[in-house]
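**Q** Handing you this structure, nothing more for now.
Since every read-out is calculated from the coordinates, none of them should be taken as a lab result. In this text the structure is predicted, and so the values were computed from the model without any measurement. In this analysis, Cβ positions are derived from the backbone assuming ideal geometry, glycine residues included, and neighbour counts consider all displayed protein chains.
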Amino acid sequence: MKRSEINRRIDEAAAFWEGLGFRLPPWAGFSVGDWRRNAAVCREIFDLQLGWDVTSFGSSDFLKCGLLLFTLRNGRAGSDEYPKPYAEKIMMVREGQVTPRHFHWYKSEDIINRGGGNLVVELFRADPAENRICGGSFTISVNGIRKKLDSGDKLILSPGESCTMEHIHCHSFYGETGSGPCMIGEVSMVNDDRTDNCFVDGAIRFVPVEEDEPIRYPLACEYRKILAAN
Ligand SMILES: [Fe+2]
């Protein structure tokens, strides 16, 4: 992705969330210089990669296949230093903007529509041991109520609704056409996006960035590189 698009999409997401009354931590607007000046007290943020995360999943069109996230809190599995067992993210998902089919070997997550348009969630039964979709029916908790679905079925989550992704729930999602962008929350077990996403159609989670303008907001995966360049 081009840096100019990453910068622009972050501005758009921050304005969208603010319009819905959702506020980010004070460091969400930190520049490269701000991070360098505050590096000594921000080790937890760097270690757990809290903050901005923008990806096109390797596609050429972020608006068709992409996701913008902000990790608000996280821990690290097996760590004495960061024993927090839970994580939280906020995301902006636009109409028809697909997050490709994937499941997680380790974490369970609740996907929550916190405002804006409706979220379409497509669900497929996964076999995590074999890294594939196996088909067949399954149950899933939707708003705390167990529901039976067949592989390939869709859920529509309107604002206030949520569902729980377990390991067998391979999921893809996008905003429903005509309902506007969605503010989506994720509450989960601790999260490591470098190792715990199985994209069954081969998407790339962290995409290379083309530096066509200065970095306005460093991505969470870039803190170390930026500080090392100081
Ligand atoms: Fe997921």
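**Q** Hey, which of these cross-link pairs are over 31 Å Cα-Cα: Lys154/Lys225; Lys64/Lys84; Lys89/Lys225; Lys84/Lys154; Lys107/Lys225? Please report the intermediate quantities before stating the final value.
**A** Details: Lys154/Lys225 40 Å; Lys64/Lys84 34 Å; Lys89/Lys225 23 Å; Lys84/Lys154 33 Å; Lys107/Lys225 27 Å.
Where the Cα-Cα span goes over 31 Å, the pairs concerned are Lys154/Lys225; Lys64/Lys84; Lys84/Lys154.
**Q** Right, another one. Under the √(5λ) rule applied to the eigenvalues of the Cα gyration tensor, what semi-axes describe the equivalent ellipsoid of the chain? Give them in Å, descending.
**A** Details: eigenvalues 168, 79, 58 Å².
Sorted largest first and rounded, they come to 29, 20, 17 Å.
**Q** When only alpha-carbon atoms count, how far does the stretch 5-75 stretch along each of its three principal axes, as whole angstroms with the largest first?
**A** Cα spread of the stretch 5-75 along its principal axes, largest to smallest: 39, 29, 26 Å.
**Q** Going by how many other beta carbons lie within 10 Å of each one, how would you line up Leu227, Leu68, fewest first?
**A** Numbers: Leu227 15, Leu68 23.
By the 10 Å Cβ count, ascending, the order reads Leu227, Leu68.
**Q** Report the relative contact order of the chain, percent, no decimals, based on alpha-carbon pairs under 8 angstrom and at least 6 residues apart. Intermediate results must be reported in sequence, preceding the final value.
**A** Working: 525 pairs, mean separation 68.1, N = 230.
Across the chain, relative contact order equals 30 percent.
**Q** Mind checking which of Gln49, His169, Ser79 is farthest towards the positive end of the chain's charge dipole, using Cβ charges of +1 (Lys, Arg) and -1 (Asp, Glu) about the Cα centre?
**A** Ranked along the dipole, the leading option is Ser79.
**Q** Between the DSSP loop rule and a limit of at most 12 other Cβ atoms within 10 Å, which GluC sites (Glu not before Pro) in the stretch 131-230 are left? List each step's numbers first, then the result.
**A** Values: sites: Glu161, Glu166, Glu176, Glu186, Glu210, Glu211, Glu222; in loops: Glu161, Glu166, Glu176, Glu211.
Here the GluC sites (Glu not before Pro) that fit, given the DSSP loop and packing criteria, are Glu211.
**Q** List the residues, sorted by chain then number, that are 5 or more residues from Ser108 or on another chain and whose placed amide H is less than 5 Å from its amide H.
**A** Here Met189 satisfy the definition.
**Q** By how many degrees, between 0 and 90 and to the nearest 10, does the Cα long axis of helix 3-19 differ from the longest principal axis of the chain?
**A** 70
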